[in-house]
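Computed from the coordinates by the stated procedures, all read-outs in this text should not be read as laboratory data. Predicted model only: the values in this text are computed from it and were never measured. All Cβ positions, glycine included, derive from the backbone under ideal geometry; neighbour counts span all protein chains shown.
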Amino acid sequence: MTVADLLQNAAGNLWRMKLRALLTVSGVVIAIAAFVSMLSFGAGMQETISERFESLGLFTTMYVYPAGKGEEKFRGHGRRSEGDTTSEDSTRIDSTKIDSLQAYSSNADSSVTDPAKADTIQRPVIPLDSVAIELLAKIPGVNLAYPHENLSVKVTLADTTFESTARAVPVSAFKTKMFSLIKAGATFDSDTARSALVTEGFALEAGVKLDSVKTLIGKSIIVSVEVISLDSAITRALFNRNLDSLKSHFKGLRFDSLLDSEYRSQLLSRELGGALQRFLDGYLNSREQFAETLSIAGVIDGGRSGNLIRPVILSVASGRRLSDAGFSGSRQDMFTSLASGRIPGMNTASSSSEEYSRVTLDLDQGTPYESIRDSVEALGFETFSFAEEFTEIQKVFLFFNLALGMIGLIALVTAGLGIVNTMVMSILERRREIGVLKSLGADDSDIKLMYLFESGMIGSVGAIGGIFVGWLITRGASLVADWYMSSKDIPSMEFFALPIWLILIAFGIGLFISVIAGLYPASRAAQVDPVQALRND
Amino acid sequence: METGSGLTPDDSWLQAVGLSRYYIRGPQEVRALDGVDLDVSRGEFLALVGSSGSGKSTLLNLLAGLDTPTAGKILVDGEQLDTFSRKRLSRYRARQIGMVFQSFNLISHKTALENVETALYFNDTPKPERRKLATDMLTHLGLAERLDHRPADLSGGEQQRVALARALVKRPQILFADEPTGNLDRENTIQIAETLKSFNRDGITIVMVTHDGDLAESCATRIVRMDYGKIVSDTPAGAGK
């Protein structure tokens, strides 16, 4: 029998027992629909995240941190370099000693890009300053290297004030994908501009609907930081007493006992303890506010999904003024200051103002991030790569999809049992027909194939129907999600995707399960004894 | 035992030697066929006659390769049939023999044409040729107007002619007919008998099982009588008259 004969025969037999075939196919349709809709959710989420990463250029973005501080810088996602140089014998060097590193970088490109060699050389810790940025920019595959600072700020727009975060970036960063999705207005064009970009997330926070973000352009915002300083602490320690309290304090002193060394010792201890308490009190609680009034130049996409893009983007000058104003007291800022070798609260404008807590690299799309990462780490820095992170996310999605797929597979196994039942019933009804076919010359494999094609056809038709029904379910769910999100003024997002691989897998599994389910009935049909089957009852 | 073929062993195409077929029915062994020797020559029209349970249908099934003997051997053109693999046995049934049954055994959901075409599925006849051969055969048997009729829409005689067309469309060397007229009236019996004789004249060897002595006498060239699983007589047709 040819394949065409087998297909025609299978279609004819299924058509004859329409109701039974329809019910069996329905079982497969439901199972495949469940399988498709569940995996479609996983695929949709993965695709959305991938598109988001792509649109923001995150696959070609890498963060660089000073060695040993990466884990503190990005919510614990930092990656320790293989040639870590934070061991005791590491030497911290001054910027003036960078010449040797430049020489190393320029005359030994191969060693920079060869982590195996880099591992064998002790690299000194170098500060993440403008010289380092120049070195980073020279690494093959790096299009742009620019520093950025994150700040915890308060933002006032008209009469609304809320807590937010800001990032100061140079205007050169606007050439990268991350800042390319302008929704309204434009980017500012000077590192000293008293302008800011805000995100759609900021607009929502400020109570502005997404369809009217244009109204924000040109408006003024006050970006302020509350800082504490050693000055305020010392002032409070020395002078934070009113006259009456000083009078009663002096009255309480026993001047005649000042000659007694034990009394003097107790008095000194008490006074120093009080001064220390007032110092700490002043350091932690006496805040000063420092504000920048800026004009909103543009609104950019982002800021709604995590903190990849900060709600407020500042010029380098504004950022520097706000960060130099003092220590905000936040844990993150404390680490930032310490990482840069600064004492929190110390005015750093005159000391190591050139040092940055992190640098962003915009990478060439064609260069593997691994080679750039190795080159950066060979220079003694730590890195965080979104591309690497995405690989980890994909692993999570793989397990997520497997779990969803297993649920769908349980339904498919049940549908498979339905196929077995239908086919066994069919054999009982068609015993004589099998006997006739054997008397006409059909061999065991012909009979087996006939039944396998029938069960395979049930699976194929069920799989095609299931894929369609699954798609309908995801469209329905997507519409409901859209409606809900728009009612909450949240921009719509696609939760489901039906990529070609999912269609092929769903069809393949539907066919595979049905053929497996048909194996036992087919084998039973092949064993029918023609003499018994043709016997006249 | 008298041999009615009148042919030398060299002429025999199909041979049964000491053929036995036993069945176990509960504690008892039933000897459906018990040491039968039979030679069938090319071009013969052999009628196996006997009462019910005499073993004639069992012998037919064994010769057709549908059943396997308990003892003895079957030789087809010098090759031992009972040693054939299942696949080779299928090929033997597909290419060398045709079978007709008392109850027609047509596939009820297929038309007359499709039923006849089915016989050509298994002997590698190309698909376009199948339809033509089936149509020609049905037309030859006077069923040109019944090609698209299903068995339920045909009379008993017509159904048996469709069954004959299905058996003969692949031009078998030998036709095994098991009570081909058992379910037919006199008129249809005569018609089927004439058809069988006509194909026999065209060179097809026929082995027909029947309990109708008159039918055997009217169309067979040799009559083998069986009883209790053994051949009791083997005579040329007309010898008893």
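The 3J(HN,Hα) values that the Karplus relation (6.51, -1.76, 1.60; θ = phi - 60°) gives for region A:23-36 are, in residue order, 5, 5, 4, 4, x, 5, 4, 4, 5, 5, 4, 5, 4, 5 Hz. Gly and Pro appear as x.
In this structure the amide hydrogen of B:ASP227, modeled in the peptide plane, comes within under 5 Å of the amide hydrogens of B:VAL232, none closer than 5 places in sequence on its chain.
Distance from the Cα centroid of region B:168-241 to that of region A:1-26 is 39 Å (rounded to whole angstrom).
Within 10 Å of each residue's Cβ, count the other Cβ atoms and sort B:TYR121, A:TYR65, B:TYR22 from fewest upward. Don't jump to the answer; show the numbers that get you there.
Working: B:TYR121 21, A:TYR65 25, B:TYR22 15.
Ascending Cβ contact count within 10 Å gives the list B:TYR22, B:TYR121, A:TYR65.
Excluding same-chain neighbours fewer than eight residues apart, the lysines reachable from A:LYS448 by a Cα-Cα span under 17 Å are A:LYS438, B:LYS87. Prolate is the label for chain B, because a/c, from the alpha-carbon gyration tensor with a ≥ b ≥ c as root eigenvalues, is 1.5 or above and a/b exceeds b/c. Amide H contacts under 5 Å for A:ASP129: A:TYR356, restricted to partners 5 or more places along the chain or on a different chain, H placed in the peptide plane at 1.01 Å from N. Amide hydrogen proximity for B:PHE101: with H placed 1.01 Å from N in the peptide plane, the residues at 5 or more positions away or on another chain lying under 5 Å are B:ASP178.
Listed by chain and number, the lysines whose alpha-carbon sits under 28 Å from that of A:LYS488, ignoring those within fewer than 8 places in the same chain, are A:LYS154, A:LYS183, A:LYS209, A:LYS214, A:LYS219. Return one number: the angle in degrees, 0 to 90 and rounded to the nearest 10, between the long axis of the Cα atoms of helix B:86-95 and the longest principal axis of the Cα atoms of chain B. Relative to chain B, helix B:86-95 is tipped by roughly 60 degrees.
Could you tell me whether region B:102-184 comes out rounded, prolate or oblate from its Cα gyration tensor? Rule is a ≥ b ≥ c as square roots of the eigenvalues, rounded for a/c under 1.5, then prolate if a/b exceeds b/c, otherwise oblate. Could you put the intermediate results ahead of the total?
Details: a/c = 1.74, a/b = 1.25, b/c = 1.40.
Oblate shape, in that a/c is at least 1.5 and b/c is the bigger or equal ratio.
3J(HN,Hα) couplings calculated from phi for region B:31-48 with the Karplus curve 6.51 cos²θ - 1.76 cosθ + 1.60 (θ = phi - 60°) are, in sequence order, 8, 5, 9, 9, x, 8, 10, 8, 10, 10, 9, 4, x, 6, 10, 9, 10, 9 Hz; Gly and Pro show x. Per-residue ellipticity at 222 nm computed for chain B from its helices equals -9500 deg cm²/dmol, with DSSP H segments shorter than 4 residues left out and the rest contributing -39,500 (n - 2.57).
Report the trypsin sites (Lys or Arg not before Pro) located in region A:446-518 that are in a DSSP loop and have at most 12 other Cβ atoms inside 10 Å of their Cβ, or state none. Please report the intermediate quantities before stating the final value.
Values: sites: A:LYS448, A:ARG475, A:LYS488; in loops: A:LYS488.
Listed in order of number, the matching sites are A:LYS488.
By how many degrees, 0 to 90 and rounded to 10, does the Cα axis of helix B:186-201 deviate from the longest principal axis of chain B? So the inclination is approximately 80 degrees.
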